[in-house]
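Please read the structure below before turning to the comments.
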Amino acid sequence: QVQLVESGGGLVQPGGSLRLSCAASGSTSRITAMGWFRHLPGKQRELVATVTIGGSTNYADSVKGRFAVSRDNAKNTVDLQMDSLNPEDTAVYYCIAEVRSLRDPSTDLRYWGQGTQVTVSS
């Protein structure tokens, strides 16, 4: 069981920056990866960025070069640094954690935070 709490969302002007943070608690020793999804208005949820326990990262093509995901394994936190924001980045951003299942060690369970609103507007 893992709980995720996000922070850092808000309103920012186009071209600005914002940093999101997510803190995990509970069975953090079994976390294999953490990251971020987002839900854009009128669209389905999409992957933004993830980072594994070993430090491997993945990014959506739309955010490469602008966003950076980082994880502090000791603190069980993951951050998303967002630069050069544009109105198309407006969305609810969700922190996620992949957690190794005890019943089936070959399966990871995905846990979701409550989400934090990011609005990019003049």
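Each residue of the range 2-13 was assigned a 3J(HN,Hα) from its phi angle through the Karplus curve 6.51 cos²θ - 1.76 cosθ + 1.60 (θ = phi - 60°); the sequence is 10, 10, 10, 10, 9, 7, x, x, x, 9, 9, 7 Hz, with glycine and proline shown as x. Quick one: pull the percent of accessible area on the chain belonging to carbon and sulfur, 1.4 Å probe, ligands and nucleic acids left out. With neighbouring chains kept in place, the figure for the chain is 48 percent. Per residue, the convex hull spanned by the Cα atoms of the range 1-43 amounts to 113 cubic angstrom.
Each Cα pair under 8 Å and six or more residues apart adds its sequence gap; the mean of these over the residue count of the chain is a relative contact order of 36 percent.
How many Å² of accessible area per residue for the chain, probe 1.4 Å?
Values: 6420 Å² over 122 residues.
Per-residue accessible area for the chain comes out at 53 Å².
I'd like the FRET efficiency for residue 53 and residue 7, computed as 1/(1 + (r/R0)^6) with the beta carbon distance as r and R0 of 30 Å, rounded to 0.05. Don't jump to the answer; show the numbers that get you there.
Values: r = 22 Å, r/R0 = 0.74.
Approximately 0.85, to the nearest 0.05.
Summarise the long-distance tail of P(r) for the range 1-80 by giving the % of C-alpha pairs beyond 17 Å.
On the way: 1562 of 3160 pairs.
The share of Cα pairs beyond 17 Å in the range 1-80 comes to 49 percent.
The values are calculated or read from the model by the stated rules, or taken from the named source; none is laboratory data. Keep in mind the model is a prediction, meaning the values are calculated, not measured. Note that each Cβ is placed from the backbone with ideal geometry, even for glycine, and that neighbours are counted across all protein chains shown. Keep in mind that these areas ignore ligands, DNA and RNA; they rest on the heavy atoms of the full protein, side chains included. Shrake-Rupley method; radii C 1.70, N 1.55, O 1.52, S 1.80 Å.
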